[in-house]
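Structure first, commentary second.
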Amino acid sequence: MRTVAVNENNDFFLDNTGSIPILSGKQAAAQTSRNFAATKQGEMIHAIQLGIPFFEVAFDHFPNLAQFEASLRRRILEVPTVASITRLEVDYLDGVITYTATIKTDQGEVTING
């Protein structure tokens, strides 16, 4: 897997040589997994069934963490090079849901946060 690198704001950028950086291997799988996990259900106009149902499970005073975790797990496993999720922790603190996942890719394990 190869993909264009993005910065912390999910924007394309140029590296020190003025080139668009390309990620491969487990770094590409990690970035793609983070992007898949951030996709809101209905956001992709040609595949509205894909994504995480944030409004239904996360954006509430009492979010359904089990349903969010199941949606997150399903979404990450849609990344072509992700073989499995070896660890997934979902937390809710001060109105913010966060996650840490260790994913097993074709090139090895990598941890992602969101």
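Values in this text are rule-based calculations from the coordinates and carry no lab data. Quantities reported herein were computed from a predicted structural model and do not represent experimental measurements. Positions of Cβ are backbone-derived with ideal geometry, glycine not excepted, and every protein chain shown enters the neighbour counts.
Using alpha carbons only, how many angstrom separate the centre of segment 75-114 from the centre of segment 1-45?
Between the Cα centre of segment 75-114 and that of segment 1-45, the gap is 15 Å.
Nearest 500 deg cm²/dmol is fine: what mean residue ellipticity at 222 nm does the chain get from its DSSP H runs of n ≥ 4 alone, each adding -39,500 (n - 2.57), divided by its residue count?
Working: 3 runs with 30 residues, N = 114.
Value at 222 nm, helices only, nearest 500: -7500 deg cm²/dmol.
Going by C-beta contacts inside 10 Å, put Lys40, Lys104 in order with the fewest on the left. Intermediate results must be reported in sequence, preceding the final value.
Details: Lys40 14, Lys104 17.
Placing the least packed residue first, the sequence is Lys40, Lys104.
Residue by residue, what Karplus-based ³J(HN,Hα) values in Hz, rounded to whole numbers, does segment 62-78 have, using 6.51, -1.76 and 1.60 with θ = phi - 60° and x for Gly and Pro?
Result, ordered by residue: 10, x, 8, 5, 5, 5, 4, 4, 4, 5, 5, 4, 4, 5, 5, 5, 7 Hz.
Once you order the gyration tensor axes a ≥ b ≥ c over the Cα atoms, which shape class does segment 58-99 get: rounded for a/c under 1.5, otherwise prolate or oblate by comparing a/b with b/c?
Note, shape of segment 58-99 comes out prolate.
Indicate, rounded to the nearest 5 percent, the antiparallel portion of the DSSP beta bridges found entirely in the chain. Intermediate values should be presented prior to the final figure.
Values: 20 of 21 bridges.
Approximately 95 percent, going by the DSSP bridge assignments.
Check Lys40: other-chain or 5+ apart residues with amide H under 5 Å from its amide H, H built from backbone geometry?
Ile52
Which length gain, in nm to one decimal place, applies between Thr3 and Ala83 when the Cα-Cα distance is subtracted from 0.36 nm times their residue separation? Present the calculation step by step, with values, prior to reporting the outcome.
Values: separation 80, 0.36 × 80 = 28.80 nm, distance 1.80 nm.
Length gained between Thr3 and Ala83: 27.0 nm.
Among Ser19, Ser84, Ser71, which comes first, second and so on when ranked by fewest other beta-carbon atoms within 10 Å?
Ser19, Ser84, Ser71
Could you work out the relative contact order of segment 1-90, using alpha carbon pairs under 8 angstrom and six or more residues apart, expressed as a whole percent? Intermediate values should be presented prior to the final figure.
Working: 102 pairs, mean separation 18.5, N = 90.
About 21 percent, as a whole number.
For segment 4-55, what's the relative contact order in percent, using C-alpha pairs closer than 8 Å and at least 6 residues apart?
22 percent
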